[in-house]
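Rule-based calculations on the coordinates, nothing more; no lab input. Predicted model only: the values in this text are computed from it and were never measured. Here the Cβ is made from the backbone with ideal geometry for all residues, glycine too, and neighbour counts use every protein chain on show.
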Amino acid sequence: MKDYNQAASKNQEAKKERGTMTRTCAVTVDTRADLLALSIKAGLQVVAAQLQEDVRLICGGRHERHLDRQALRWGQCAGEIVLGGKKIGIERPRARGWDGREFRLPSYRHYQDEKTLTARVLEQILVGVSQRNYGRALAAEDAAHPGQGISRSAVSRRFAMRAGRLLEAWLTRSLKELQPLVIFIDGIEFAGYTVVAALGVDLQGEKHPLGIWDGSSENAEVCKNMLDNLFARGLSVDASILFVIDGSKALHKALVDRFGPEAVIQRCQYHKRQNVRAQVPKRLQRDMDRTLRQAYQSETGDQARRIIRSLIGRLEVLAPGAAASLREGLDETLTVIDLGLPKLLRKSFSTTNAIESAFSGVRGVTRHVKRWRNGRMVVRWMAVGFLEAAKHFHKVSGYDKMPALAEALAKRKKVVDNDQVA
């Protein structure tokens, strides 16, 4: 009986505690809503006080002689200001100048500036808020201070305007001060539209997004337009640049057409392995992949070529398509080895992982987009996502060895120049 009474007492205490927690949570929610309404109300009071102060400075105090007044009080009318990430309606005072026209109050002009609202829209979308739910994220359902300009269409227009300006500024930014040693180039597809992006790496190992260009496919003309844009913006070509690309023949053709024998191209080893693997019978895939890994980890280019050519010989009969794929562009998959780069730099520049990582950020930003209307929309979202990903860039692995890459590229350029003279 004693144990029963103790258990009953504990149950009653637990119920009381749960009830207390429920009331506490309710109070917390109510308090949060009240604080939001209170902060907006306080903000509106500050704005109203500033507007009245503007009127006093321009028109003088009520019932006071003011010889230097610039205008007369002209009653009030409905207006709106930007506050808390939305537009809120207010009653604003008016002043009329001596010429009969309305005198614009400085504070009202300041609080009407929609740059902060546009920036807030962009920031909310970047953190994962859909355009449809923007108003809800701002607690716009607050009946005391209903928001304006937060509908899906209004948010969409603001995002398009802000993203368009970011894209224009990005694609016209001067590159004269930037001297990249490495440029990653790769494409990403959205709803049938291919966007080609370029990412530069400087002597300090810092990554710099260089731009994006759209096209119906990853073709040579798009790639040439991209290179022309980089040169027009002041990209220095006095020193050799290592171009890291995927297996795209269009990219390769564009680089060779623009640079000739001076083009230093590294084809992505991961893409090559995937392409070959897809053409090999399943029972041979593991052995083929292990052999290619061993080749790409070789100390010298000659050693890597011996391993790969041996593999090609074995695949000639078993998988001729895979053998042809391995033979195509063989030397350009071994460029980082031929340059004699330290292992960490070889790992950083043997694949397009650096730019693929940025594409992952793009996919995260665009995950709420359900309908791609046109290529312009694709490019806008791509630009916003790429620049957002750039905020989280780290230096490449082995960045302290970048001078070794600069030295290797200089030696190669000297050899090429001597061959051309001869």
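May I ask you to order 224-232, 279-287, 334-342 by the average number of other C-beta atoms within 10 Å around their residues, highest value first? Intermediate results must be reported in sequence, preceding the final value.
Values: 224-232: 16.7, 279-287: 12.9, 334-342: 20.8.
Highest to lowest by the protection proxy: 334-342, 224-232, 279-287.
Please compute the modelled spin-label separation between Glu221 and Val415, points set 7 Å along Cα→Cβ, answer in nm with one decimal.
Using points 7 Å along Cα→Cβ, the separation is 3.7 nm.
Compute the label zone of Glu328 within segment 217-247: residues whose backbone N is under 20 Å from the point 7 Å along Cα-to-Cβ.
It comes to 217-224, 244-247, nothing else.
Give the span of segment 178-421's Cα atoms along each principal axis, as three whole-Å numbers ordered largest to smallest.
Sorted largest first, the three principal extents are 49, 45, 32 Å.
When the gyration tensor of segment 324-411 is built from Cα positions, what are the square roots of 5 times its three eigenvalues, in whole Å, from largest to smallest?
With the √(5λ) rule applied to segment 324-411, the semi-axes are 33, 18, 10 Å.
What does the highest-first list of 253-261, 381-389 look like by mean Cβ count within 10 Å? Don't skip to the end; give the middle numbers.
Details: 253-261: 15.8, 381-389: 22.6.
Averaged packing, sorted descending, gives the order 381-389, 253-261.
So what's segment 185-282 giving for Cα Rg divided by 2.2 N^0.38 Å, two decimals?
Relative to the rule-of-thumb radius for its length, segment 185-282 sits at 1.15.
Which of Tyr270, Tyr296 comes first, and how do the rest follow, when ranked by fewest Cβ neighbours within 10 Å?
Fewest-to-most ranking of Tyr270, Tyr296: Tyr270, Tyr296.
Using every pair of alpha-carbon atoms in segment 287-378, split the distances into 5 Å bins beginning at 0 and state the percent of pairs per bin, rounded to integers.
3, 12, 17, 16, 12, 10, 8, 10, 8, 4, 0
Among DSSP bridges having both ends in segment 178-421, what percentage is antiparallel? Round to the nearest 5.
Roughly 70 percent of the DSSP beta bridges within segment 178-421 come out antiparallel.
Can you sort Thr172, Thr291 so the residue with the fewest Cβ neighbours within 10 Å comes first?
Details: Thr172 11, Thr291 16.
Fewest-to-most ranking of Thr172, Thr291: Thr172, Thr291.
Among Val196, Val415, Val379, what is the fewest-to-most ranking by other Cβ atoms within 10 Å?
Fewest-to-most Cβ neighbours within 10 Å comes out as Val415, Val379, Val196.
Nearest 0.05, what FRET efficiency do Asp287 and Asn353 give at R0 = 35 Å with Cβ-Cβ as r?
It comes out at approximately 0.90.
Once the Cβ-Cβ distance between Asn374 and Asp113 is put in as r, and R0 is 25 Å, what FRET efficiency do you end up with, to the nearest 0.05?
Efficiency, rounded to the nearest 0.05: 0.25.
Work out the FRET efficiency for Leu344 and Arg306 from their Cβ-Cβ distance, taking R0 = 41 Å, and round it to the nearest 0.05.
E between Leu344 and Arg306, to the nearest 0.05, is 0.95.
In the structure displayed, which of Lys272/Lys413; Lys176/Lys413; Lys87/Lys207; Lys207/Lys249; Lys282/Lys395; Lys282/Lys370 lie more than 31 Å apart, Cα to Cα? Working shown, then result.
Numbers: Lys272/Lys413 26 Å; Lys176/Lys413 21 Å; Lys87/Lys207 38 Å; Lys207/Lys249 25 Å; Lys282/Lys395 38 Å; Lys282/Lys370 36 Å.
Beyond 31 Å: Lys87/Lys207; Lys282/Lys395; Lys282/Lys370.
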